[in-house]
Amino acid sequence: MSPRRNRQRGGAKPAERAEGDRYGLEQTAEWRGEEWVVRHVGGGGAAKHYRCPGCDQEIPPGVPHVVAWPQLGDVDDRRHWHKACWNARDRRSARLQRSRNAPRY
């Protein structure tokens, strides 16, 4: 007896993602009385180092995270958060103290 085939023979190929959908689905969330656009970025879409505003720690490349910005904001208003920090954003302080030698980016 030969093994079962799990792949389809011929037929239509799955539709390719559009360029704007490369990072994932966008959702809206209410925070601080403002509408925010939230996008979940997988590990493959994270290519640079980012600084999380929730914990002030670095998000290295390849780590899944969340990108959020005000709905009426600009590209410069985007912030990259750890998923846990975004979920706990109401419990996080916005005024974190950095040491003198900590980089600001």
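Of all residues in region 27-63, those satisfying the criterion of being more than 28 Å from Asn101 (Cβ to Cβ), touching a residue at least 24 places away in the same chain (Cβ under 8 Å) and either open to solvent by 70 Å² or more (accessible area, probe 1.4 Å) or aliphatic (A, V, I, L, M) (or both) are Thr28, Ala29, Glu34, Glu35, Val37, Val38, His40, Val41. Just one of the listed residues (Val63, Val67, Val37) is at pLDDT 90 or above, within 11 Å of the chain's Cα centre (by Cα) and assigned to a loop (DSSP other than H, G, I, E, B), and it is Val63.
Name every residue in region 25-44 that is touching a Lys or Arg at 6+ places or on another chain (Cβ under 7 Å) and not charged (D, E, K, R), in order of residue number.
Going residue by residue through region 25-44, those that are touching a Lys or Arg at 6+ places or on another chain (Cβ under 7 Å) are 26, 31.
Residue satisfying the conditions is Trp31 alone.
Every test in (1) surrounded by fewer than 15 Cβ atoms within 10 Å (Cβ to Cβ); (2) more than 25 Å from Asn101 (Cβ to Cβ) is passed by Val66 save one, and that test is (1).
The values are calculated or read from the model by the stated rules, or taken from the named source; none is laboratory data. None of the values given here were measured: they were computed from a predicted structure. Cβ coordinates were reconstructed from backbone atoms using ideal geometry, including for glycine residues, and neighbour counts include every protein chain displayed. Heavy atoms of the whole protein, side chains included, go into the accessibility calculation; ligands, DNA and RNA do not. Shrake-Rupley method; radii C 1.70, N 1.55, O 1.52, S 1.80 Å.
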